[in-house]
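First up is the structure itself, then whatever we jot down about it.
A short reminder: the numbers here are calculations on the coordinates, not readings from a lab. Predicted, not measured: the structure shown is a model, and the values here were computed from it. Positions of Cβ are backbone-derived with ideal geometry, glycine not excepted, and every protein chain shown enters the neighbour counts.
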Amino acid sequence: MEIWIPITIVAAFFQNLRSALQKYLTTNGLLSTVGATSIRFIYAVPFAIFYTFILTRTFGKSLPIINETFLFYVLLVAISQIVATTMLLYLFTKRNFAVGTTYSKTETIQAAIFGTVILGDAIGAVPAIAILVSVSGVLLISSARAQSPFRFLLHSWTTKDALIGIGSGAAFAMAAVGVRGAILSLTGGDFVINAAYSLVATTLIQSVIMTIYLYRKEPGQLARILRAWPVAGVVGLSGMLASACWFSAMAIQNVSYVRALGQIELLFTFAVSYFFFRESYNKIELLGVTLVVGGIVLLLIGR
């Protein structure tokens with residue numbers, strides 16, 4: 001088994017854990033949506049720095065040499081993720097936010113396009129079909145609660161909320177491509193330390209931006225973020241571990257393949273939602289899961 005496969009699965013697991021904890025913080029009124037989003041970056045910084053320190057001091061890895069290309073991509077990643085999140089937060093305030101969030105799931109397809117155009121990471125015919133199959137499953141799952149899911153997908157994609165959702169997916173896709181671009185631009189280290197170094201730089205920038213935003217727009221959230229440290233600390237740790245794995249996987253494999261396999265996170269989400277939040281599922285959602293799994297299997301055997 002190629003090493004990027006288990007790394008990606010671990011990334012999806014920790015990302016799901018992080019998302020579940022963030023949902024807990026928002027649904028219980030402990031933090032606002034922006035506050036819960038911010039801890040993903042703020043509490044991840046010390047863990048990312050410690051992780052990089054361990055790699056250099058314990059495992060003897062040398063820090064890479066930075067350059068202008070690296071700085072450009074790191075800024076691209078930091079800003080793209082914030083823009084993507086902001087678009088989703090806007091959609092949460094709309095009555096038809098489900099439309100936008102559904103179409104934000106086109107990230108994987110857009111990552112394949114951006115990766116090919118910007119980085120030259122071409123994909124084969126079978127992986128392309130696998131990505132389309134798995135994304136179709138994700139779209140079905142996201143629209144399954146609509147009265148008529150298939151009609152919903154056919155007739156809602158031209159609405160304003162859908163276009164904002166697609167824009168959010170594009171920003172997330174650009175961030176993923178930026179991660180790979182940043183890591184590949186570094187010289188002097190292996191993929192593990194280069195990924196860690198890129199992670200530290202990105203989360204530092206994002207933490208500064210989000211802290212300034214909260215200080216000016218939601219000052220009370222900063223104090224609440226500090227008081228929520230027992231759970232927020234776990235969010236930061238799980239978020240850092242997820243990002244470290246995502247970055248490492250993208251350092252050695254095509255972004256579209258990593259993001260496509262990463263949709264296995266949905267299986268973890270279903271498990272957490274069913275056993276922890278006691279949520280039930282309908283036949284359309286189960287069909288979507290089947291398509292996601294089928295797409296992932298096709299991807300792994302068809303490369």
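Details
- Rounded if a/c under 1.5, otherwise prolate or oblate - the chain, Cα gyration tensor axes: oblate
- Neighbour-count order for Y274, Y213, fewest beta carbons within 10 angstrom listed first: Y274, Y213
- Over the range 4-302, relative contact order from alpha-carbon pairs under 8 Å, at least 6 apart, %: 40
- Straight-distance candidates among the aspartates and glutamates for linking to K105, with alpha-carbon spacing under 20 Å and chain neighbours fewer than 8 residues away dropped: D161, E265, E285.
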